[in-house]
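The values are calculated or read from the model by the stated rules, or taken from the named source; none is laboratory data. Quick caveat, the model's predicted, so the values are computed rather than measured. For neighbour counting, all protein chains shown are included, and Cβ atoms are generated from backbone atoms with ideal geometry for every residue, glycine included.
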Amino acid sequence: MGNSLLRRKNVKQSLLDTEEPQHQLTRSLSALDLTVFGVGVIIGTGIFVLTGTVAKDNAGPATALSFVVAGVVCALAALCYAEFASTVPVAGSAYTFSYISLGELPAWLIGWDLVLELALGAAVVAVGWSGYVRSLMDNAGWVLPDALGGREGADGFGFDILAAGLVLLITVILVAGMKLSARVTAVVVAIKVAVVLIVIVAGSFLIKSSNWSPFIPPQQKVEAGSGLDTPLIQLLIGWAPSNFGVMGVFTGASVVFFAFIGFDIVATAAEETRRPQRDVPRGILGSLFICTALYVAVSIVVTGMQNYRELSVDAPLADAFKANGHPFYAGVISFGAAVGLTTVCLIILLGQTRVFFAMSRDGLLPRFFSQVHPRFRTPHRPTILLGAIIAVVAGFTSLSELAELVNIGTLVAFMVVSVSVLVLRRTRPDLPRAFRTPWVPVLPVLAAAASLWLMLNLPAETWLRFGAWMLVGLTVYVLYGRTHSRLNTTENRGPDTLEKRTGDARDS
């Protein structure tokens with residue numbers, strides 16, 4: 001059993017799987033499409049909310065530097081993703097990469113975690129989108145019945161019809177084809193970026209340089225906690241992070257890091273890209289660079305418009321414009337946030353269904369879900385199943401409950417991909433690599449170490465939830481995935497097949 005847990009999938013077999021007619025996705029995406037997807041999923045509520053939260057509580061005007069630090073950490077992981085996605089352009093992202101380099105059980109655990117995290121992430125975004133839309137409707141005098149306005153503050157039955165409706169609409173778009181999804185995303189992202197640029201340009205005329213002094217406020221110590229909501233590193237060694245000062249910049253980086261989560265979803269679309277060896281690295285790195293630049297610009301503008309001590313936490317950009325006598329821009333920002341969250345939800349659901357599809361094609365989940373639609377050539381079955389489940393979750397669950405998203409899964413995926421680059425460089429140095437991660441092994445080691453550091457700054461409760469979900473996943477793998485795996489099926493076909501498979505594995 002020990003050998004079966006770490007059996008690795010052949011690189012050649014992974015590429016051959018993409019050519020099976022019943023399980024073959026259509027290659028229709030370009031580098032521009034992938035960049036749009038990346039920008040679409042990264043720019044969400046983070047740019048409208050986290051800038052004020054971090055400036056007020058952690059870094060002051062130096063929040064711009066926090067975004068730079070977080071962007072650098074993501075860039076380290078992005079370079080590792082780019083090498084893998086250009087070498088093995090197969091759906092599944094971190095799941096597929098770890099299956100090839102580390103083995104079946106690590107791959108299953110990563111896939112299991114990503115499916116859950118992306119599902120809850122899509123539900124969180126849908127509920128947040130619903131809140132912005134209801135706010136805009138209230139301004140226009142349109143009020144939904146309490147029973148259809150969501151669980152927040154509901155007395156008795158409450159169902160968020162807008163959140164559920166958004167998920168179902170996106171499900172239809174994803175089933176209809178990747179090119180349609182790309183076109184819808186391109187239009188919405190253009191609107192979202194335009195709103196962000198309007199905010200940057202308009203806000204730049206309201207900047208007071210005195211608000212940037214001091215740019216890095218004096219350091220303030222934070223008392224060490226003891227509960228489950230305390231960062232794990234405090235419980236382990238008693239080290240408490242500092243707010244403001246130079247260390248406050250790094251504390252802020254651990255917070256704003258989550259505004260960047262999503263760029264790795266670009267890698268899940270590698271199998272549906274026309275020239276993945278060239279376009280996937282461009283899409284990943286291009287979207288990350290654009291979003292980092294926008295985040296830095298917004299944080300500089302908002303801390304220049306209003307003193308960081310006076311920024312609001314809920315809607316810092318909108319309230320900063322109100323404080324300067326320009327309420328019109330508050331409505332523009334709410335509109336931009338609502339539009340922006342549409343693409344975030346779409347692309348998260350896209351990434352989740354591709355991970356689920358890849359796991360199903362490998363036999364770790366029922367193969368029924370890996371058959372593509374005969375006309376649209378999309379994984380319609382997992383898309384419909386997961387879309388329906390997420391719509392129900394978004395409709396019946398409050399935002400405060402959904403907000404407990406296990407962000408640790410993304411950081412674990414970053415670590416796995418970084419380590420996998422080192423493993424595959426050693427085991428398969430002969431593989432053609434259209435994009436090569438520079439400064440190996442230093443850069444992958446730095447990427448893994450930076451991800452681990454951010455993980456240690458997460459609350460202990462997050463680690464407990466992550467551990468519990470992994471135990472559930474391990475149980476599912478032992479009871480179903482291990483015996484239904486296609487690699488296990490190959491082993492049981494006979495000595496000749498086993499000998500060939502063993503030889504292939506040795507070669508790989």
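Data for the structure
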item: Residue list for segment 253-279, restricted to those being under 11 Å from the mean Cα position of the chain (by Cα) and of a type in the set (Asp, Glu); result: Asp264
item: Selection count where residues are surrounded by fewer than 22 Cβ atoms within 10 Å (Cβ to Cβ) and either under 17 Å from Pro89 (Cβ atoms) or among the aliphatic types (A, V, I, L, M) (or both), scope segment 238-283; result: 9
item: Only one of Arg354, Arg381, Arg375 that is over 16 Å from Leu118 (Cβ atoms) and in a helix (DSSP H, G or I); result: Arg381
item: Members of segment 84-103 found to be closer than 13 Å to Ser360 by Cα and not β-branched (Val, Ile, Thr), listed by number; result: Ala91, Gly92, Tyr95
item: Boolean, Ala358 is among the hydrophobic types (A, V, I, L, M, F, W, C) and more than 24 Å from Glu271 (Cα to Cα); result: no
item: Number of the exception - Asp264 against (1) among the acidic types (Asp, Glu); (2) over 30 Å from Val11 (Cα atoms); (3) in contact with a Ser or Thr (Cβ under 8 Å, 6 or more places away or on another chain); result: (2)
item: Single condition Thr437 does not satisfy, out of (1) part of a helix (DSSP H, G or I); (2) at pLDDT 90 or above; (3) of a type in the set (S, T, N, Q); result: (1)
item: Total residues in segment 344-372, condition touching a residue at least 24 places away in the same chain (Cβ under 8 Å), among the polar types (S, T, N, Q) and either in contact with a His (Cβ under 7 Å, 6 or more places away or on another chain) or more than 23 Å from Gly283 (Cβ to Cβ) (or both); result: 2
item: Meets criteria (farther than 30 Å from Ala293 by Cβ, at pLDDT 80 or above and not in a loop (DSSP other than H, G, I, E, B)) for Leu169; result: yes
item: Number of the condition not met by Trp239 [criteria: (1) part of a loop (DSSP other than H, G, I, E, B); (2) modelled with pLDDT of 85 or more]; result: (2)
item: Number of the exception - Ile261 against (1) in contact (Cβ under 8 Å) with a residue 40 or more places away in the chain; (2) part of a helix (DSSP H, G or I); result: (2)
item: Hits in segment 284-322 - residues which are small (Gly, Ala, Ser), buried (at least 17 other Cβ atoms within 10 Å of the Cβ) and at pLDDT 85 or above; result: Gly286, Ser287, Ala297, Ser299, Gly304, Ala320
item: For Pro382: the one exception among (1) buried (at least 21 other Cβ atoms within 10 Å of the Cβ); (2) in contact with a Gly (Cβ under 9 Å, 6 or more places away or on another chain); result: (2)
item: Residue check for Val189: at pLDDT 85 or above, under 19 Å from Val266 (Cβ atoms) and either surrounded by 17 or more Cβ atoms within 10 Å (Cβ to Cβ) or over 21 Å from the mean Cα position of the chain (by Cα) (or both); result: yes
item: In segment 1-43, residue nearest to Ser334 (Cα to Cα) [restricted to those that are touching a strand residue (DSSP E or B) at 6+ places or on another chain (Cβ under 9 Å) and not in a loop (DSSP other than H, G, I, E, B)]; result: Phe37
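Yes/no per residue for (1) in a helix (DSSP H, G or I); (2) under 22 Å from Lys179 (Cα atoms); (3) touching a strand residue (DSSP E or B) at 6+ places or on another chain (Cβ under 8 Å):
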| site | (1), (2), (3) |
| --- | --- |
| Val298 | yes, no, no |
| Arg309 | yes, no, no |
| Val313 | no, no, no |
| Asp319 | yes, no, no |
| His326 | no, no, no |
| Leu341 | yes, yes, no |
